[in-house]
Amino acid sequence: MDGRFVVLEGMDGAGKTTQALRLAARLEAAGRHPLHVREPGSTSLGEHLRDLLLSPRRAAMDPRSEALLFFAARSELLAGVVAPALAQGRTVVCERFTPSTLAYQGQSEEAARFVLALDELVVPPPLQPHLVLILDLDPRQSLARARRRGAADGMEARGLAFQEAVQRGYHRYAQARAARTRLLDVSHMDEDAVAERIRREVEALWS
């Protein structure tokens, strides 16, 4: 089968959803039969956990507990959606994956090791992404873009230091999974330039 598993990742405000939609449309035009999914979500369990984990009203939770819930949703997505799609030769475009869990729930050294160990346990080699594209963005720009969208309250409550820790987590993933990961600095790129860079990286999967 000729299916590929592509993950789009990155800081809040980096344009993941916009770029995932553009990539899926381009793949559809090229006859690659894309399937666009998101994490957590795209399964019944994933959507329930999304409501729980992303609710602003939920109680504070230990980062390891959060990571386990994200990996439960991930396991369900892989088994029920990603694996069947790849077996049919489809190309899966996924918004967020293990890098987000590392960036948000793996900010201490111990927690980071825990997340990476879970990744090896839950995501078997045949279902590891063929390509992870991390849209890297200066944390200050991430906050500024969130303000323009009217979505900055939660981010500002956690502060710039938290966003800087998130960025370090993404960089750590890029180092730990370097063979299949590309870190793209989009701080000074417009939407079309980012889409073109993504196009080149993804098309290389079939070359």
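Read-outs throughout are calculated quantities, based only on the coordinates presented, and are distinct from any laboratory measurement. Everything numeric here is computed off the predicted structure, so don't read it as measured data. When we count neighbours, we look across all protein chains shown, and the Cβ atoms used for this are built from the backbone with ideal geometry, even at glycine.
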Long-range Cα-Cα pairs in the chain (distance over 30 Å), rounded percent: 17
Descending Cα extents along the principal axes, segment 93-148, whole Å: 39, 29, 13
Sequence of THR17, THR181, THR101 once ranked by neighbouring C-beta atoms within 10 Å, starting from the fewest: THR17, THR181, THR101
Residue with peak Gaussian network fluctuation, the chain [Cα springs, cutoff 10 Å], from LEU68, LEU143, LEU54: LEU54
Lys/Arg +1, Asp/Glu -1 at C-beta; the chain dipole; positive extreme among VAL93, PRO34, SER44: PRO34
Charge dipole (segment 1-119, unit charges on Cβ, about Cα centre) - positive-most of ALA59, LEU118, LEU8: LEU8
Alpha-carbon Debye profile of segment 48-160, log10 I(q)/I(0) at 0.23 Å⁻¹: -1.39
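Give me the dipole magnitude in Debye, nearest 20, for the chain about the Cα centre, with unit charges on the beta carbon: positive for Lys and Arg, negative for Asp and Glu.
Working: 28 positive and 27 negative charges, 36 e Å.
That gives the chain a dipole magnitude of about 180 debye.
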Mean separation of Cα contacts under 8 Å (6+ apart) over length of segment 5-206, as relative contact order %: 31
Set of segment 37-56 residues, backbone N closer than 16 Å to the point 7 Å along the Cα-Cβ line of ALA72: 40-55
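Going by average Cβ neighbours within 10 Å, how do the peptides 106-118, 129-141 rank, with the highest at the top?
Working: 106-118: 17.2, 129-141: 20.0.
Per-residue Cβ counts within 10 Å, averaged per peptide and sorted highest first, yield 129-141, 106-118.
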